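This report concerns only the one structure given below.
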Amino acid sequence: MTIVTIERSQLSDQVVLLVSGRMDAEAAPEFEDQCKACIAEGRTVLVVDLGELKYVSSMGLRSFISVAKTLQAKGGALRLCRLGGLVKQVFEITGLLVLFQVYESVDAALAGG
């Protein structure tokens, strides 16, 4: 079983979180904690690269929604990019894609266009 790995990087003045592995009930709080730390630093836009994420559970989806709502309340956004495979299917099947800004690449998400 692969656990989640979250790598934080900074490109220009924006934070990018690369999420790899499996986002399940055990891993979701770790993701939320990383995002809350960024928000506490004053970040209102977070780019989350899901290109290496292989699985997302309902708790993982709840974490994405929770972080997105927190950022939206501050006038910001959670930008998801590089969704693919099973993870993209889960977002499509649940109808959650409409709640997020979704981009094909990290560069597109950073540009926000």
task = First measure r as the distance between the Cβ atoms of Ser9 and Lys54, then evaluate 1/(1 + (r/R0)^6) with R0 = 22 Å and state the FRET efficiency to the nearest 0.05.
result = 0.60
Lysines whose Cα lies under 28 Å from that of Lys54, excluding same-chain neighbours fewer than 8 positions away = Lys36, Lys69, Lys88
task = Just tell me the longest site-free run in the chain, where the sites are GluC sites (Glu not before Pro) in a DSSP loop having at most 12 other beta-carbon atoms within 10 Å.
result = 42-103
inquiry  = Restricting to bridges with both residues inside region 9-75, how much of the DSSP beta-bridge set is antiparallel, in percent to the nearest 5?
reply    = 25
key: Proportion of all alpha-carbon pairs of region 5-111 beyond 16 Å (%)   = 52
task = Could you grab the relative contact order for the chain? Cα pairs under 8 Å, six or more apart, rounded to a whole percent.
result = 24
message = Straight-line reach from Lys74: which aspartates and glutamates fall under 14 Å, measuring Cα to Cα and dropping same-chain residues less than 8 apart?
response = Glu41
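Where a number appears in this text, it was derived from the coordinates with a stated rule and is not lab data. Since the model is a prediction, treat every value here as computed from it, not as a measurement. A quick note on method: Cβ atoms are made from the backbone with ideal geometry, for glycine too, and the neighbour counts reach across all protein chains shown.
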